[in-house]
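Taking it in order: structure first as structure tokens, then the write-up.
The values are calculated or read from the model by the stated rules, or taken from the named source; none is laboratory data. None of these values were measured; they are calculated from a predicted model. Note: ideal-geometry Cβ built from the backbone for every residue, glycine included; neighbour counts use all protein chains shown.
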């Protein structure tokens, strides 16, 4: 079977079919649930689980404000079913919509390259195309210790793909990892009453963040659940398959050997692109050492007529980046078919932000101090503590802070924040950096509502050394 366009993956790749491409014979290949990672097992459901955990933690911490509540009653099935009762129909509806389109063929299969723009499907079919877009995303990794190498939900060994659909909350859960996935789920499950044990190889959590942010998140986590940092797993086993059987993890901690037991183990040790399923070399696609497909600034691969976007090729592994890349590829496809005038669009150097929905939240964009120092960049820094602003007094905040790095002339280079609603708080700085606004213009060129939390941003900008 031959198609004009084949899209491998139904996440951000599903948004490629703009009006300019109407009438093309299109195939969408999806081996998993239609809609991709973000909708089904990523950004959206996880944040829907974060919200009830936030409520519990806020109530638990409110005693310092003079308000106390009783123990929370957590209805896990109600929480889970609210989330997936909203999400599952969206995935099913998206697939149904595409299947009803006379110009689109949906293949529920895994695809691999067997030649130049030639794909073999798990169904035994073989298809070709004039142009192909690879948007097949990534998946969670296993852990390189026998017993943990391959997830097995039937035995209580989960990843983020499966742990949100547990039948019931376990009494105890071991979470392996210290990145954003591990930290968000540690917040969710500890907030909902699970006795969480988190195991992290490095000395702090979120080790890619600015040092002060790492330290603040690590302190907050250690205050809420059992945390082993600087720790490796020596061995893992689960004996028996009956109810009540526990996973036993033997740990090497800074204080010596420790064994932790739990009904459920969550592996959150990173993600890998799905390129090993694609056999990219057979299609002429080069890959980086970490498995990501190589693309240029127009998101073209090394194979003629093949583009790639999202987690399969991007170092950022973020949905908002994948969506931006989908818009670029959609435009460039339309140019390639002569349906839009050129030139093709390219990726740009706008700041790429991210957030971690722990308690407190983390949000960041741009380089850390260490990265700026390593690159030999001249910069100045301001650190504004949330607790040193009026709304911070109301919050009784002791850990929150905002770090801003700027050029000596006042151009904002980066911001790193750990604070209540950090993902929202940092947005004015993302905008300022994207539009090359100076720190003093942002700070003094508008009114800042007093005593709102946004004064943390204002004060940080005014605190930069050398400000006029």
Of the numbered conditions (1) without any contact (Cβ under 8 Å) to a residue 60 or more places away in the chain; (2) surrounded by fewer than 19 Cβ atoms within 10 Å (Cβ to Cβ); (3) closer than 29 Å to residue 186 by Cβ, residue 321 fails exactly one; give the number of that condition. (2)
Can you name every one of the strands (runs of 3 or more DSSP E) wholly within region 230-320 that holds 3 or more residues which are closer than 24 Å to residue 336 by Cβ, in contact with a helix residue (DSSP H, G or I) (Cβ under 9 Å, 6 or more places away or on another chain) and not assigned by TED's automatic domain parsing to the domain that holds residue 215? 306-308
So if I check each of 135, 182, 220, which one is under 19 Å from the mean Cα position of the chain (by Cα), under 29 Å from residue 384 (Cβ atoms) and either surrounded by 19 or more Cβ atoms within 10 Å (Cβ to Cβ) or not assigned by TED's automatic domain parsing to the domain that holds residue 291 (or both)? 182
Just one listed residue, out of 296, 245, is closer than 30 Å to residue 116 by Cβ and free of Cβ contacts under 8 Å to residues at least 40 places away in the same chain, and it is 296
Does at least one position in region 330-349 carry a residue that is within 21 Å of the chain's Cα centre (by Cα) and within 22 Å of residue 110 (Cα to Cα)? no
Unique match (being at pLDDT 95 or above and outside any loop (DSSP other than H, G, I, E, B)) among 202, 190: 190
(1) assigned to a strand (DSSP E or B); (2) in contact with a strand residue (DSSP E or B) (Cβ under 6 Å, 6 or more places away or on another chain); (3) under 23 Å from residue 273 (Cβ atoms) all hold for residue 139 apart from (2)
When residue 133 is evaluated against the numbered criteria (1) part of a helix (DSSP H, G or I); (2) touching a helix residue (DSSP H, G or I) at 6+ places or on another chain (Cβ under 9 Å), which criterion, by number, is the only one it fails? (1)
Looking at (1) at negative phi; (2) surrounded by 18 or more Cβ atoms within 10 Å (Cβ to Cβ), can you tell me which one residue 366 breaks? (1)
Step by step: first the residues of region 198-217, then only those that are under 11 Å from residue 178 (Cβ atoms) and surrounded by fewer than 17 Cβ atoms within 10 Å (Cβ to Cβ), then the one that is farthest from the chain's Cα centre (by Cα). Which residue is that? 203
Pairs returned, first residue in region 211-225 that is on the phi > 0 side of the Ramachandran plot, second residue that is at pLDDT 95 or above, beta-carbon separation under 8 angstrom, 6 or more apart or interchain, are none
Does residue 145 satisfy the condition of being in contact with a strand residue (DSSP E or B) (Cβ under 7 Å, 6 or more places away or on another chain), farther than 30 Å from residue 328 by Cβ and either at pLDDT 95 or above or not assigned by TED's automatic domain parsing to the domain that holds residue 196 (or both)? yes
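This table checks each residue for (1) surrounded by fewer than 20 Cβ atoms within 10 Å (Cβ to Cβ); (2) in contact with a strand residue (DSSP E or B) (Cβ under 7 Å, 6 or more places away or on another chain); (3) closer than 24 Å to residue 189 by Cβ.
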{"position": "18", "(1), (2), (3)": "yes, no, no"}
{"position": "23", "(1), (2), (3)": "yes, no, no"}
{"position": "49", "(1), (2), (3)": "no, no, yes"}
{"position": "79", "(1), (2), (3)": "yes, no, yes"}
{"position": "100", "(1), (2), (3)": "yes, no, no"}
Of the residues in region 143-165, those that are loosely packed, with under 15 Cβ neighbours inside 10 Å and either in a loop (DSSP other than H, G, I, E, B) or in contact with a helix residue (DSSP H, G or I) (Cβ under 7 Å, 6 or more places away or on another chain) (or both) come to 144, 146, 149, 150, 165
Pairs, first in the same structural domain as residue 439 (by TED's automatic domain parsing) in region 369-383, second part of a helix (DSSP H, G or I) and surrounded by 12 or more Cβ atoms within 10 Å (Cβ to Cβ), C-beta under 6 Å, six or more apart: 379/372; 382/460
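In the list 8, 29, 44, which residue meets the criterion of being farther than 20 Å from residue 121 by Cβ, under 26 Å from the mean Cα position of the chain (by Cα) and touching a residue at least 12 places away in the same chain (Cβ under 8 Å)?
Values: 8 fails: farther than 20 Å from residue 121 by Cβ; 29 fails: farther than 20 Å from residue 121 by Cβ.
Answer to the check: 44.
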When region 403-421 is examined, which residues are found to be buried (at least 18 other Cβ atoms within 10 Å of the Cβ) and closer than 18 Å to residue 434 by Cα? 403, 404, 405, 406, 410, 412, 413, 414, 415, 416, 417
